[in-house]
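Data block below; observations after.
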């Protein structure tokens, strides 16, 4: 699997990343262990988890897998911190209140993640959220402290608007001793190309790599929803239906049909076409996929080497025009 450097750093990671958002919820520990084994065997390393995934359940599962079964050194751990204090959690998830990106809350949240995973440091820490009540300089100072204290090796941001990303990158680069941002995590796929308008150019200008989450369009680009909603799919579940629903409209259907047509012509699975497209986009270092089962992940791993002819790439670019795409950035 091709290695790519994150930003201007020396950290090189395989281009395909494994999102662990369902671990501890729809994916139990046994299934997660199978996923991690297959992923590492295929040359993968980058695992993305976070404190908002099952209120820390994903991190707990990852910690159990690293406690003896899988070598810590084989895994690049990326943690996304949502900037929520313990008091903003309810029994079903995060309450609908703004993120708290104060230095205290961010560092406390990172320490809690380290305890759940059972490690003394992570490899990449992404700050996620928007907090108008906290100066950005204070938020970014937490990144400097996290690196200088050994809690993380590299830092980035998640779901930032272009102006926030540019401001954060400029601030960190303005003074010796501040830690440079190496990555920006954002939703990016054939169904969600809005980042191309301004976030991606801002990242490229600042030498920041994109970590593209939901690279398969929340599962829709697999083609599984072409004839309806399967009973065992995310769109049929109580807690993920709203997540998938925005990509079950007529525009998305047209893009999925084009992907499936290309896949038929190449003799590969639709997800292979979608992955090849995002893998080769400028600025993308890691394309994140999240699979509920080991069987689903094996299907992804089997399609990692698909090559798209230029004419197919151009056709997909046209049918998925970025000007018609919306991206949930803040």
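The values are calculated or read from the model by the stated rules, or taken from the named source; none is laboratory data. Because the structure is predicted, anything quoted here is derived from the model rather than measured. Every residue, glycine among them, receives a Cβ derived from its backbone with ideal geometry; neighbour counts consider all protein chains shown.
Being at pLDDT below 95 and in contact with a helix residue (DSSP H, G or I) (Cβ under 6 Å, 6 or more places away or on another chain), is that true of even one residue in the stretch 112-130? No, that holds for no residue.
In the set 201, 176, only one residue is over 14 Å from the mean Cα position of the chain (by Cα) and modelled with pLDDT under 95; that residue is 176. Only a single item in (1) assigned to a helix (DSSP H, G or I); (2) at pLDDT 95 or above; (3) within 19 Å of residue 44 (Cα to Cα) is not met by residue 296, and it is number (2).
The residue of the stretch 146-166 that is nearest to the chain's Cα centre (by Cα), among those that are assigned to a loop (DSSP other than H, G, I, E, B) and farther than 20 Å from residue 193 by Cβ, is 151.
Within the stretch 37-59, the set of residues being without any contact (Cβ under 8 Å) to a residue 40 or more places away in the chain and under 16 Å from the mean Cα position of the chain (by Cα) comprises 45, 47, 53, 54, 58. If you go through the stretch 240-260 and pick out every residue that is crowded, with 19+ Cβ neighbours inside 10 Å, modelled with pLDDT under 75 and outside any loop (DSSP other than H, G, I, E, B), you end up with 1. Only residues that are buried (at least 19 other Cβ atoms within 10 Å of the Cβ) and closer than 17 Å to residue 177 by Cα: list them for the stretch 123-152, please. Matches in the stretch 123-152: 139, 140, 142, 143, 146, 151, 152. Being in a helix (DSSP H, G or I), on the phi < 0 side of the Ramachandran plot and touching a residue at least 40 places away in the same chain (Cβ under 8 Å) is a description that does not apply to residue 169.
Return yes or no: is residue 157 closer than 27 Å to residue 214 by Cβ and without any contact (Cβ under 8 Å) to a residue 40 or more places away in the chain? Taking the combined requirement at face value, the residue satisfies it. Suppose the filter is within 23 Å of residue 47 (Cβ to Cβ), at pLDDT 95 or above and in contact with a strand residue (DSSP E or B) (Cβ under 8 Å, 6 or more places away or on another chain); does residue 206 pass it? Here the answer is no, as residue 206 does not meet what is asked. Every condition in (1) assigned to a loop (DSSP other than H, G, I, E, B); (2) modelled with pLDDT of 95 or more; (3) under 22 Å from the mean Cα position of the chain (by Cα) is met by residue 101 except one, and the failing one is (2).
Checking each residue in the stretch 273-293 for being part of a helix (DSSP H, G or I) and touching a helix residue (DSSP H, G or I) at 6+ places or on another chain (Cβ under 6 Å) picks out 273, 274, 277.
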